[in-house]
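FYI, it's all coordinate maths here, none of it is from the lab. Just so you know, these numbers come straight off a predicted model, no measurement behind them. Glycine also receives a Cβ, built like all others from the backbone with ideal geometry; neighbour counts cover every protein chain displayed.
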Amino acid sequence: MFEDFDFQVIVEAGPILWQGMLITLLLTAVAIVGGILLGTVLALMRLSRFGPLSFLAGRYVDAFRSTPLILVIFWFYFAVPIVVGRPIGGLYSVLIAFTLFEAAYYCEIIRAGIQSIRRPQVHAGLALGLTPWQTMKSIVLPQAFRNMVPVLLTQAIVLFQDTSLVYVVGLKDFLTAADLVAVRDNRVVELYMFAAVVYFVLCLLGSLWVRRLKRQYAI
Amino acid sequence: MIEVENVSKWFEDFHVLKDCSTRVDKGEVVVVCGPSGSGKSTLIKCINGLEPFQEGVITVDGTSVGDPKTNLPKLRARIGMLFQNFELFPHMKVLDNICLSQIKVLGRDREEARVRAAQLLERVDLSDQADKHPAQLSGGQQQRAAIARALAIDPIAMLFDEPTSALDPEMINEVLDVMVELAQEGMTMIVVTHEMGFARLVADRVVFMDEGRIEEDCTKEEFFGGERGSRAQEFLSKILTH
């Protein structure tokens with residue numbers, strides 16, 4: 001199987017693979033930033049004492065968490081152009097789908113992070129005359145995010161791997177690019193092996209970073 | 001200055017405060033004591049609106065705490081509060097802990113806040129700890145820093161919720177010394193504590209609570225002189241003999 005292993009194939013496929021990697025990284029970055037921002041808003045809604053807000057955020061999380069990501073990608077690919085009224089291209093619909101999907105998961109992580117802050121810390125903030133919002137912003141969220149960093153990054157690693165699902169709407173992410181070259185040049189072993197190594201190395205680096213942060217932020 | 005009239009509070013079915021009434025005048029030091037679970041901490045948390053109560057009226061300097069129209073952050077900014085576990089903010093340096101409310105609540109600029117914080121740290125003998133994080137300080141130092149933080153908003157009264165009960169014995173006095181100084185300077189104080197030495201030294205009055213009720217509310221002379229009820233007698237004999 002490995003006797004005619006040809007590294008040259010991978011070198012020649014470099015530009016295509018790099019283009020794919022850019023899509024993968026763009027999707028990962030946008031979904032992380034957008035997901036955390038929207039996830040924070042959702043988490044605050046979920047924790048709100050105002051019932052309807054909490055209810056809405058809860059159902060949002062339920063809906064996205066009980067749907068396979070691949071279905072969400074499909075739906076947004078077809079639904080977003082209908083809502084917007086014009087075709088917006090696969091990339092944008094996928095960016096929106098990933099952000100909204102990840103927000104549901106980040107919401108739960110952030111909610112747990114906020115709830116991990118002991119009640120007396122909130123009391124201490126309020127007792128100083130801070131408003132509830134100032135207490136949340138200056139005291140609860142900074143500490144909560146510290147506690148959450150490892151879990152947030154673990155979720156980011158999962159997300160990085162999930163981006164390969166965009167092949168269903170014809171986007172060429174890293175894995176799809178590798179797959180195309182593999183079939184085109186009939187070099188399945190080289191390309192799949194290379195893809196596996198790249199995913200492994202990047203995820204391993206991410207995990208090592210998480211481990212370091214865990215030690216750094218341990219309170 | 002602080003008036004508590006017929007206050008009752010329930011945690012769901014549990015009746016935690018039962019028809020409590022007392023008053024604290026300007027400059028008075030009142031020690032609140034009683035067995036665990038008697039409602040002492042809950043009572044003082046009701047005074048600055050950290051815990052809601054269902055019945056009765058609490059007024060602080062003429063402002064009703066339970067009135068939905070009351071601006072609670074503004075009211076709380078006039079009352080300092082100390083907690084059993086200090087509750088310094090662990091993600092901020094000691095100096096920033098003391099500057100936070102000055103900047104966010106009083107609107108002081110950063111420099112002005114730092115100058116005031118430095119003065120307060122000197123007062124509690126922590127000038128050399130300003131740039132450390134709370135976790136790097138001993139318990140006694142943390143509680144003194146918390147006193148500096150509470151004083152930074154220039155409060156008209158201070159509430160102490162068992163300020164020494166989480167401290168090692170050798171650190172209790174360094175905190176009590178600062179509290180005694182505050183009392184002697186005329187600060188209005190309500191102190192939940194089992195430190196009867198502190199009560200004897202600086203308290204004007206002692207309030208004894210049991211099972212959510214204020215059972216005794218008398219001068220310290222009456223309280224320590226033996227003119228107290230049997231429940232208070234039993235409590236005192238327990239904490240003084242062990």
note = Karplus-derived 3J(HN,Hα) from phi for the stretch B:45-52 (6.51 cos²θ - 1.76 cosθ + 1.60, θ = phi - 60°), whole Hz, x at Gly and Pro, runs 6, 5, 5, 9, x, 6, 10, x
query = Which whole-number percent is the relative contact order of the stretch B:1-130 (Cα, under 8 Å, 6+ apart)?
reply = 19
query = Could you list log10 I(q)/I(0) for the protein assembly as shown at q = 0.06, 0.09, 0.11 Å⁻¹, which the Debye formula gives when each Cα is one point scatterer?
reply = -0.41, -0.74, -0.93
task = Using only Cα atoms, locate the centre of the stretch B:93-161 and the centre of the stretch B:1-66, then give the distance between them in Å, rounded to an integer.
result = 27
ask   = Looking at the stretch B:1-96, which GluC sites (Glu not before Pro) are DSSP coil and have at most 13 other C-beta atoms within 10 Å of their C-beta?
value = B:Glu12
key: Using a Förster distance of 41 Å, the FRET efficiency for B:Arg123-A:Val201 (Cβ separation, nearest 0.05)   = 0.15
message = Strictly over 30 Å apart at the Cα level, which of B:Lys69/B:Lys132; B:Lys104/B:Lys132; B:Lys26/B:Lys74; B:Lys104/B:Lys220; B:Lys45/B:Lys93 would you flag in this model?
response = B:Lys69/B:Lys132; B:Lys104/B:Lys220
query = If the viscosity is 0.692 mPa s and the temperature 37 °C, what Stokes-Einstein diffusion coefficient in µm²/s follows for the stretch A:119-179 when Rh is the Kirkwood radius over Cα pairs?
reply = 224
ask   = Does the stretch B:106-164 classify as rounded, prolate or oblate by the C-alpha gyration tensor (a ≥ b ≥ c root eigenvalues; a/c under 1.5 gives rounded; else a/b over b/c gives prolate, otherwise oblate)?
value = oblate
Largest-first principal axis extents of the Cα set of the stretch A:4-43 (Å) = 53, 17, 6
request  = Sort largest first and round to whole Å: the equivalent ellipsoid semi-axes of the stretch B:88-212, each the square root of five times a Cα gyration tensor eigenvalue.
outcome  = 26, 17, 13
request  = Let me have the relative contact order for the stretch B:161-242, percent, based on Cα pairs under 8 Å that are six or more residues apart.
outcome  = 21
inquiry  = Can you give me the C-alpha center-to-center distance between the stretch A:1-71 and the stretch A:145-219, rounded to a whole angstrom?
reply    = 11
inquiry  = At most 16 other C-beta atoms within 10 Å and a DSSP loop state: those are the exposed chymotrypsin sites (Phe, Trp or Tyr not before Pro) I care about. Give me the longest piece of chain A that has none.
reply    = A:51-219
ask   = At 37 °C and 0.692 mPa s, what whole-number value in µm²/s does Stokes-Einstein give for the translational diffusion of the stretch B:59-102, with Rh from the Kirkwood sum over Cα pairs?
value = 263
note = Volume per residue (Å³) of the convex hull spanned by the alpha carbons of chain B is 127
note = Against the 2.2 N^0.38 Å rule of thumb, the C-alpha Rg of the stretch B:28-133 sits at a ratio of 1.28
inquiry  = As an exercise, take the mean of 1/r over every pair of distinct alpha carbons in chain A, invert it, and state the Kirkwood radius in angstroms.
reply    = 19.6
ask   = Hey, what's the Kirkwood Rh for the stretch B:160-242 if you take every pair of different alpha carbons, in angstrom?
value = 13.6
note = In the stretch A:24-174, taking the dipole from +1 charges on Lys and Arg beta carbons and -1 charges on Asp and Glu beta carbons about the Cα centre, the listed residue (A:Ser138, A:Gly58, A:Leu44) farthest towards the positive end is A:Ser138
ask   = If each Cα of the stretch A:23-129 is one equal point scatterer, what is log10 of I(q)/I(0) from the Debye formula at q = 0.11, 0.13, 0.24 Å⁻¹?
value = -0.43, -0.56, -1.26
note = In nm², the average projected area of the convex hull spanned by the Cα atoms of the stretch A:103-219 is 9.2
